[in-house]
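The next block holds one structure in the form of structure tokens; read it before the comments.
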Amino acid sequence: MPKTVTTNADVRKTDETFIHQFYQSFKLISDPIFIVDNHLKFQFSNETFLRLLHGWGLPSPRKNQYIGDMLPFLCEERISDYKEVIQSQETLLVSSWIVPMDPTSYSVNLVPIITNKRKLITTILKYQSTEAKTEKNMRYIETKYESMMKALRESEDRFRKLITQMGEGVWLFDNSLRTVFINKALSKMLRYTETEMIGKLITDFIGPKLQEAFLQELNSLDIDSTSNPIDITFFNKSGVEVDTRLILSTLTDPNSQKIGNFCVISDITQEKSLQKLQERFIATTAHELRTPLTVISGYIDVLQISPDLSQEDLLVIVEKMSRNVNRLIRLVRNVHDLSSVRANLFTINREEINLFEFINELKDQITILFPKRNIFWDTNVFIDSNVTFNMDGERIKQTVENLAQNAVKNSPKDSPINIRINFHPTELTICVQDQGTGISNDSMLQLFKPFAHIPTEYSQTGTGLGLYIIKVIVQAHEGTIEVVSGEEDTGCIFTIKLPNNA
């Protein structure tokens, strides 16, 4: 039997083809990437890395430029990481890079690419922020999977590890749409094992209404082209819809013949859910604003048309206008607080508060807000107590007002509301109890989430911000909030406990 001999020229050509293909595929990745050789001299970077350098005020790197000159902030420890990868030929995950010109931390993957003639190290930078991660539409490697695995056996494990460790789902399928490869992220996303998906049509996992859109986008791809991000709904093993955003690319063999497709898939289920909540919040807020504004506008018209109203009628109108103005103030304050929390700007101002004066002011405010409700107070703080507590008085008043408002909205008009405030040298306990319909176990899970309004027999609308803001204020005081809901028509008890951090 004749022997097959591979010449050095053949190997060198295979190496260069592989490296070229690797460089081409890295151009699709949205994370910053650059490659150095075993002498730590620069060989390649993608556009994202060049933009990052520009943002740091650093010049574009030159071919064969030493990494320490290219990134002058790199310390000896980081340089040693590269030398370790060269020696061990193992992928290394660096927990973070702190860049002096940019306070953002980056996690870094150092991945070796070992061929017959060259030793290269790929550096992939990832933002640590999870929010940034959910907002990115990753453009990952366009791979020549089958041909590269056959041409370079030495790189098989490392290349497979690179795809396998991606945070987004990776799905390879042939020209007949049958699955050839999936990574762990996709398996976890759809809850199928690799064995259960290999050989199956990708369209078997797509919702029927979106199959046509997927196939249309797939058929529009040219050789070596990449699609725009498209939203596709898959079904997981339990039959539950999984909202995703994916990018499609073609796969070709060394002769530039199409052999299949490659797609990178991001799970956007939470993003879609949040979007729906925000849309509902905007609609509800518009409604909540419209109601008091309509009432105030109506009474202004009455005052203009009938200037000779009696003192009694005027007092009634002013009281109703005042109540609706306070309603607007609470709504605007909650929306402002939500914005502050999202922007990480929410703060509290602790100081020593005289509890007797605090409770009296709170009673007056709640009486003005809800003049027609029977509200009973119970406290162990008296005029001669002369006790103080370290807290943000205005914020804690806000929490009690919001709890009282919830109790008023979610209980019969003639039912009492009990507010108890008990002082202990190390802790302040505030309880608000109503006699409404209570809260179901399922609703309890959503209670303190933003926009999660729970309709009741007595209140069908709301922004769903009140309890969320209360939770934020209490946690900022390092306190806790608990809710107990008994049987039907026994109402709810909200209990806040604040530590005295004087």
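A short reminder: the numbers here are calculations on the coordinates, not readings from a lab. All values derive from a computational prediction rather than experimental measurement. Neighbour counts are summed over all protein chains in view; Cβ atoms, including those assigned to glycine, are modelled from backbone coordinates with ideal geometry.
Under a plain spin-label model, where a point goes 7 Å from the Cα along Cα-to-Cβ, how far apart in nm are ASN441 and GLN89?
According to this spin-label approximation, the distance is 5.7 nm.
My understanding is that a pair violates if its Cα-Cα distance is over 32 Å; which of LYS126/LYS449; LYS237/LYS258; LYS272/LYS471; LYS83/LYS258; LYS126/LYS397; LYS184/LYS272 do that in this structure?
From the list (LYS126/LYS449; LYS237/LYS258; LYS272/LYS471; LYS83/LYS258; LYS126/LYS397; LYS184/LYS272), the Cα-Cα distance tops 32 Å for LYS83/LYS258; LYS126/LYS397.
For an R0 of 45 angstrom, estimate the FRET efficiency from the Cβ-Cβ distance between ILE368 and LYS27 and round to the nearest 0.05.
For R0 = 45 Å, the calculated efficiency reads 0.10.
For labels at GLU194 and ASP174 in the simple 7 Å Cα→Cβ model, what's the distance in nm?
About 1.8 nm, to one decimal.
Once the other residues with Cβ under 12 Å from the Cβ of ASN326 are scored (Lys, Arg +1; Asp, Glu -1), what is the net sum?
+3
Rank the residues GLU76, GLU394, GLU401 as a footprinting-exposure proxy: fewest other Cβ atoms within 10 Å of their Cβ go first.
By the 10 Å Cβ count, ascending, the order reads GLU76, GLU394, GLU401.
Please arrange VAL99, VAL85, VAL332 by counting, for each residue, the other beta carbons lying within 10 Å of its beta carbon, fewest first.
Starting with the residue having the fewest Cβ neighbours, the order is VAL332, VAL99, VAL85.
Report the calculated FRET efficiency for ASP301 and VAL332 (r = Cβ-Cβ distance, R0 = 25 Å), to the nearest 0.05.
Here the calculated transfer efficiency is 0.60.
Once you place label points 7 Å from the Cα toward the Cβ at ASP204 and VAL240, how far apart are they in nm?
Spacing of the two 7 Å Cα→Cβ label points: 2.2 nm.
Taking a temperature of 20 °C and a viscosity of 1.002 mPa s, what whole-number D in µm²/s does Stokes-Einstein yield for the range 323-388 with Rh from Kirkwood over alpha carbon pairs?
147 µm²/s
Distance from a point 7 Å along Cα→Cβ of GLN270 to each backbone N in the range 230-257: keep the residues under 17 Å and list them by number.
242-245
What value does the range 373-434 have for Rg/Rh, both radii from Cα atoms and Rh as Kirkwood defines it?
Value, to two decimals: 1.01.
Can you put ARG333, ARG191, ARG245 in order of Cβ neighbours within 10 angstrom, beginning with the fewest?
Placing the least packed residue first, the sequence is ARG191, ARG333, ARG245.
Given a Förster radius of 56 Å and the C-beta distance between GLU217 and ILE383 as r, what FRET efficiency does 1/(1 + (r/R0)^6) yield to the nearest 0.05?
So, using R0 = 56 Å, E works out to roughly 0.15.
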